[in-house]
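Here the structure is laid out as structure tokens; the discussion comes afterwards.
The values are calculated or read from the model by the stated rules, or taken from the named source; none is laboratory data. Nothing here was measured: the structure is a model prediction, and the numbers come from that model. Don't worry about glycine lacking a Cβ; one is built from the backbone with ideal geometry, like all the others, and counts go over all protein chains shown. Side chains included, ligands, DNA and RNA excluded: accessible areas come from the protein's heavy atoms. Shrake-Rupley method; radii C 1.70, N 1.55, O 1.52, S 1.80 Å.
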Amino acid sequence: MSHKAEYLPDRGTSISSILQGGYNHPLAREWQSEKQLTKSMFIFPLFVSDQPDEEEVIPSLPNIKRFGLNRLVPYVRGLVDKGLRAVILFGVPLAEGSKDPEGTNADDPNGPVIQSIKILKKEFPDLYIMCDVCLCEYTSHGHCGVLDEDGSLNQKLSVRRLAAVAVNYAKAGANCVAPSDMVDGRIKEMKLGLIEAGLAHKCLLMSYSAKFSGGLYGPFRDAACSSPGQGDRKSYQLPPTASGLARRALARDMEEGADAIIVKPSTFYLDIISDAAKLCKDYPVCAYHVSGEYAMLHAAAEKGVVDLKQIAFESHQGFLRAGARLIISYFTPEFLEWLD
Ligand code: PBG
Ligand code: ZN
């Protein structure tokens, strides 16, 4: 008997157990992925304040800064030069007395969001400009809608106000409005508002349909100064255990006229991304790798628990594998370099 024969698989039973030949080379490993990360999948969150010359480090959100209107263009130019395709804007009013119960400043024509849209469109005509639509950054109580006297959300007033804000962002030239408030009925109100304004064919409506409440938004709220003064968001954002509600919200938002949908957060919600990819198979599905997830990976890398680049790839590849086509990510600047 030849020496080699001992290592041969048992004929007839073991052929399917030999897989490693299929991925023994870096190129072959690439062939095994159904989807690969590309620059055009990435959407970068930009925090823009009403302090024109601000360039403020956010300690809980590594490498991310909040910019004033005068500082935005040079920063964004560096990223566009590296292949940035899309941004999502978050306005941050810091001026004394700029918040009120209705979030009036959300669509202030001279405020940071509407001004950023105009400046960015002019400087970077090919950049896709999305706007997060919410009131929590602008309301004195810090909640995402308009409140009743008992402190609960007034659904009618909230959706009316949110839709007005969305339409005003679209009028200013936003390519996409993305409501993150989670108030019932806002997608329909916004779609009708866009249609009435003659803008429905110019502006994509991307719904944060499956947005869960939880512990992962802390650094964002530091950056956007948007923590609720009293109470929490559990009566409008989904409970972390509620996959059924998430599927109902996805179905509802498609019915109400959403053009694309967001699942948020991402890492702990891969099953929801997968549900969304199936349920919304004719829609672009976007995963939002939120501030707390980003900060956790940085913290783990600092502790030497993980390698930052490796773990960033692994997490974001996970979103694609689960079914996402787009990713809102604070890692976008890094990926623009890594994907060269
Ligand atoms: C506004 C909004 C939030 C995020 C996106 N839009 C905060 C919240 O709902 O409290 C969170 C994004 C992140 O954590 O990166 N409603
Ligand atoms: Zn909000």
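If one computes the Cα centroid of region 129-177 and of region 61-103, what distance in Å separates the two points?
Cα centroid to Cα centroid, the span is 18 Å.
Calculate how large, on average over all directions, the projected area of the Cα convex hull of region 294-340 is; give the answer in nm² to one decimal.
The Cα convex hull of region 294-340, projected and averaged over all directions, gives 3.4 nm².
Please compute the contact order of the chain in relative form: average sequence separation of alpha-carbon pairs under 8 Å and at least six residues apart, divided by the residue count, as a percent.
It rounds to 17 percent for the chain.
Given 0.36 nm per residue, what is the gain on full extension from residue 77 to residue 303 after removing their alpha carbon distance, in nm? Before the final figure, lay out each step's value.
Working: separation 226, 0.36 × 226 = 81.36 nm, distance 3.25 nm.
Contour length minus Cα-Cα distance gives 78.1 nm.
Where both residues lie in the chain, what percent of DSSP beta bridges are antiparallel, nearest 5? Mind dumping the intermediate values first?
Values: 4 of 39 bridges.
Rounded to the nearest five, the antiparallel share is 10 percent.
Can you list residues whose amide H is under 5 Å from residue 331's amide H, if they're 5+ apart or on another chain and H is modeled 1.01 Å from N?
Those qualifying (amide H under 5 Å, at least 5 residues apart or on another chain) number zero.
Against the longest alpha carbon principal axis of the chain, how many degrees, from 0 to 90 and to the nearest 10, is the axis of helix 291-302 turned?
It works out to around 50 degrees.
Report the far tail of the P(r) of region 49-157, meaning the percent of Cα-Cα pairs longer than 20 Å. Spell out each step's value before the answer.
On the way: 2712 of 5886 pairs.
Percent of Cα pairs beyond 20 Å in region 49-157: 46.
Please list 87, 80 in order of solvent-accessible area, largest first, computed with a 1.4 Å probe with all protein chains present. Don't jump to the answer; show the numbers that get you there.
On the way: 87 0, 80 45 Å².
From most accessible down to least: 80, 87.
Could I have the simple spin-label model distance between residue 281 and residue 235, label points 7 Å from Cα toward Cβ, reported in nm to one decimal?
3.9
Semi-axes, largest first, in whole Å: what does sqrt of 5 times each Cα gyration tensor eigenvalue give for region 185-340? If you can, show how the numbers build up before the last one.
Working: eigenvalues 152, 71, 51 Å².
Largest first, region 185-340 gives 28, 19, 16 Å.
Please state the Cα pair-distance histogram of region 158-277 with 5 angstrom bins from zero: what percent is in each bin?
2, 11, 21, 21, 19, 16, 8, 1
How far, in nm, would the chain grow between residue 271 and residue 96 when pulled straight, counting 0.36 nm per residue and subtracting the alpha carbon separation?
Values: separation 175, 0.36 × 175 = 63.00 nm, distance 4.27 nm.
Roughly 58.7 nm would be gained on extension.
Convex hull over the Cα atoms of the chain, averaged projected area in nm²? Mind showing how you got there, number by number?
Working: hull surface 84.8 nm².
Dividing the Cα hull surface by four gives the mean projection, 21.2 nm².
Where in region 106-213 are there trypsin sites (Lys or Arg not before Pro) that are in a DSSP coil and have at most 11 other Cβ atoms within 10 angstrom of their Cβ? Intermediate values should be presented prior to the final figure.
Numbers: sites: 118, 121, 122, 156, 160, 161, 171, 186, 188, 191, 202, 211; in loops: 202.
Answer in residue order: no site qualifies.
On a 28 Å Cα-Cα criterion, which of the cross-link pairs 65/281; 122/202; 82/264; 82/211 come out too long? Write out the running numbers ahead of the final one.
Working: 65/281 35 Å; 122/202 17 Å; 82/264 26 Å; 82/211 30 Å.
Exceeds cut-off: 65/281; 82/211.
For the chain, set up a Gaussian network in which alpha carbons nearer than 10 Å are linked by springs, and say which option among 27, 250, 279 fluctuates the most.
27
Once you place label points 7 Å from the Cα toward the Cβ at residue 14 and residue 29, how far apart are they in nm?
2.6
In terms of modelled amide H atoms, which long-range or inter-chain residues lie less than 5 Å from the amide H of residue 153?
When sequence neighbours closer than 5 places are left aside, the close amide H contacts are 148.
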